[in-house]
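Working notes for the structure below.
Just so it is clear, none of the values below were taken in a lab; they were calculated from the coordinates. All figures in this text were calculated on a predicted structure; none of them were measured in a lab. Cβ: placed from backbone, ideal geometry, glycine included. Neighbour counts: every protein chain shown.
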Amino acid sequence: METKLLYKSIPSGQLQCRGTLIWNEATRSAVLIDPTDDPTPFLQLIDEKKLSVKALLLTHAHVDHAASCCAVARVLGLTPQLHPDDLPIYYAIAQHGLAFGIEVPAMGIDPTPLAHGQIIEIEPSFVLQVLHVPGHTPGGVTFYVEALQLAVVGDTLFYGSVGRTDLPGGSFAAIKHSIQTILYKLPSDTTAIPGHGPTTKIGYEMLHNPYVKS
């Protein structure tokens, strides 16, 4: 059967965090990355496109990315997947939410652990690679889809900027190392979808990002 991978990134929630759906147009198999604190547009798109979501993935555990993940997991019959270094943030999400005025219930589902280099095969031609990119949080990851020349980078890399490192577990030295030694090793024409703001290209950031040039 023909494979035609498509994706849509939608800003949602109180902090306009980007969540991303990737799917095979032919089979309707899909993955949802970062359902934010308001999953409504993603659930609507899943219903509209009649998608069968096979994996619920988190780039990291901050409230604007992960607040709705347990509710969404129950709707979809899935278990969230998260790098274990972010578990302390994940389990403290209700307290973190208060700092941003976001009311979140305690997490009631233990996530499945992700690991650097892990391959998530949805179908033989629909594959995501997990890249551990600590710095914004200790367990931050990027999901790289070679078939789409696409990287969902969370809050590690932004257009012309990088993620905050002044929150608990953050480290500028770590985020710089992650970007320079992992993200900048991806093909330069790879589209990067950050957690906030416009998309960018890896090659553009290598040349122009004032915080982390290659």
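Taking 0.36 nm per residue of separation and subtracting the Cα-Cα distance, what length does fully extending residue 118 through residue 4 add?
My answer for the length gained is 38.8 nm.
Using a 7 Å offset from Cα along Cα-Cβ at residue 79, what residues in the stretch 10-46 end up with backbone N under 19 Å from the label point?
Within reach of a label on residue 79: 31-35.
How much of the DSSP bridge set in the stretch 5-208 is antiparallel, in percent, rounded to the nearest 5?
Of those bridges, close to 70 percent are antiparallel.
Looking only at the stretch 99-143, which residues have a backbone nitrogen under 18 Å from a spot 7 Å from the Cα of residue 181 in the C-beta direction?
Answer for this model: 115-118, 130-142.
Eight or more residues apart or on different chains, and alpha-carbon atoms under 16 Å: count the Lys pairs in the stretch 5-208 matching that.
Lysine pairs satisfying the spacing and distance rule in the stretch 5-208 number 4.
Provide 177, 96, 136 in ascending order of the number of other Cβ atoms located within 10 Å of each residue's Cβ, fewest first.
Lowest count first: 177, 96, 136.
About the Cα centre, and with charges only on the beta carbon of Lys, Arg (+1) and Asp, Glu (-1), how big is the dipole of the stretch 34-183? Nearest 20 debye, please.
Approximately 160 debye in magnitude.
Just how far, in whole angstrom, is the stretch 1-34 from the stretch 154-168 if you go by their alpha carbon centroids?
22 Å
Put +1 on the Cβ of every Lys and Arg and -1 on every Asp and Glu Cβ in the chain; which of 32, 65, 158 then has its Cα farthest towards the positive end of the dipole?
The listed residue farthest towards the positive side: 158.
When only Cα pairs under 8 Å and 6 or more residues apart are kept, what is the percent relative contact order across the stretch 89-152?
19 percent
Which number do you get for Rg(Cα) / (2.2 N^0.38 Å) in the chain?
The value comes to 0.94.
From Cα pairs below 8 angstrom and at least 6 apart in sequence, can you work out the relative contact order of the stretch 1-61, rounded to a whole percent?
29 percent
Can you tell me, using C-alpha contacts under 8 Å and at least 6 residues apart, the relative contact order of the chain as a whole percent?
14 percent
Under 17 Å Cα-Cα from residue 4, which aspartates and glutamates qualify once same-chain neighbours fewer than 8 residues away are excluded?
Here the aspartates and glutamates satisfying the reach criterion relative to residue 4 are 25, 121, 123, 146.
Using +1 at the C-beta of Lys and Arg and -1 at the C-beta of Asp and Glu, which of 43, 84, 212 has the Cα lying farthest in the positive direction of the dipole of the chain?
212
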